[in-house]
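*Asks:* Dumping the structure here so I can ask a few things about it.
The values are calculated or read from the model by the stated rules, or taken from the named source; none is laboratory data. Keep in mind that what you see is a predicted model, and the values were worked out from it rather than measured. Every residue, glycine among them, receives a Cβ derived from its backbone with ideal geometry; neighbour counts consider all protein chains shown. These area figures cover heavy atoms from the full protein model, side chains too; ligands, DNA and RNA do not enter into them. Shrake-Rupley method; radii C 1.70, N 1.55, O 1.52, S 1.80 Å.
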Amino acid sequence: MKEIAEIQYTVDADRLKRLYYARYKVNYEKFSQEIYESRSESEREYKDIFFDDRVISENILKNEKTTFLYDELFAVEKTEDGYLFHITNNSLLFYGFNEFDPKSLEALDEILRPYYEIKLEKPAAVIENFEYTENKIRKIMFKKVFNYRLLLVITAYILLIWSELLYTSSFSKVLCMVIALGISIQYLYSYFIIPKKTLKSMKNGLLRGRVLFYQDRLELINKTKAEISVIKYEEFFKIKEIKYGFLFYIQRYKCFLFEYSEIQGDMENLKKILFNNKESKK
């Protein structure tokens, strides 16, 4: 067992932010600070020694050591500014390139290359800046709500015109006018007010994030906190293509809208992936 390098570091908010960015490609400044403040003083100071087959991580204040064999790690990933050791799928260690002297870094990279060159699965398409907006909610509601209510508005005004043409009684005309006005107000309320209220009610949900489309699943990376939701395509109630993009129904009346303009990647390939995994239901 040959020693390659030794580093000593503090797990502070900046280090946590770098770790989360390396993993999620999102800058979690506020969340990183919150996690740092929640850690006890005894979980902040570490010394890690890298060997040719393992890294031994020592909690300095507790005088506790943990050994991680490279070939037993879930994955090793080389990022733009450091290495990510995936202890498990959700447990990570991050080591920045700038923590090593050049000679040690070169030697360590030779040791780790066989591990990080095992390619991690790449997404077929990506949305870097997914965000719920009032307009997006309107588009989701349009087919189910607005079309129906717009039809009622048109019908009400046809009745109003019809009552005028047929010289019906004043009561009938007033009744038709009241109905038309009431339905119009209801339509305007649903179009302008309901999306605003819906957006406010979603403040604790996934409002902003990254979306990764893989061969068999969707990964939603929350931009508010380091949290990933993984949903297999077959688990969705329905996946449907509309003129704006794709509707992913979690339930019959609850869905995500991913617009074409947001998606980066081969759209035709993505369509094949989606509808081979989950047949569209009309």
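Condition check ((1) open to solvent by less than 30 Å² (accessible area, probe 1.4 Å); (2) under 19 Å from the mean Cα position of the chain (by Cα); (3) closer than 21 Å to Y132 by Cβ) across all residues:
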| residue | (1), (2), (3) |
| --- | --- |
| K232 | no, yes, no |
| F236 | yes, yes, yes |
| E241 | no, no, yes |
| F246 | yes, yes, yes |
| Y253 | no, no, yes |
| L257 | yes, yes, yes |
| S261 | no, yes, yes |
| Q264 | no, yes, yes |
| K272 | no, no, no |
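*Asks:* A follow-up question, please. Can you confirm whether segment 99-110 contains a residue that is modelled with pLDDT under 95 and assigned to a loop (DSSP other than H, G, I, E, B)?
*Replies:* no
*Asks:* I'm trying to understand the selection: among the residues of segment 104-140, which are among the basic types (K, R) and open to solvent by less than 40 Å² (accessible area, probe 1.4 Å)?
*Replies:* K136, R138
Residue by residue, here is whether (1) touching a Leu at 6+ places or on another chain (Cβ under 8 Å); (2) assigned to a helix (DSSP H, G or I) holds:
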| residue | (1), (2) |
| --- | --- |
| E6 | no, no |
| D14 | no, yes |
| Y21 | no, yes |
| N27 | no, no |
| K30 | no, yes |
| Y36 | yes, yes |
| S57 | yes, no |
| T66 | no, no |
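*Asks:* Could you please let me know if V26 is aliphatic (A, V, I, L, M) and either loosely packed, with under 13 Cβ neighbours inside 10 Å or in contact (Cβ under 8 Å) with a residue 60 or more places away in the chain (or both)?
*Replies:* Values: aliphatic (A, V, I, L, M): yes; either loosely packed, with under 13 Cβ neighbours inside 10 Å or in contact (Cβ under 8 Å) with a residue 60 or more places away in the chain (or both): yes.
Against the criterion (aliphatic (A, V, I, L, M) and either loosely packed, with under 13 Cβ neighbours inside 10 Å or in contact (Cβ under 8 Å) with a residue 60 or more places away in the chain (or both)), V26 qualifies.
*Asks:* Count, please, the residues in segment 74-92 that happen to be of a type in the set (A, V, I, L, M) and surrounded by fewer than 17 Cβ atoms within 10 Å (Cβ to Cβ).
*Replies:* Number satisfying all stated conditions: 2.
*Asks:* Checking the conditions here, which among S42, S57 is closer than 18 Å to T10 by Cβ, assigned by the TED database to the domain that holds Y20 and without any contact (Cβ under 8 Å) to a residue 24 or more places away in the chain?
*Replies:* Testing whether each residue is closer than 18 Å to T10 by Cβ, assigned by the TED database to the domain that holds Y20 and without any contact (Cβ under 8 Å) to a residue 24 or more places away in the chain leaves just S42.
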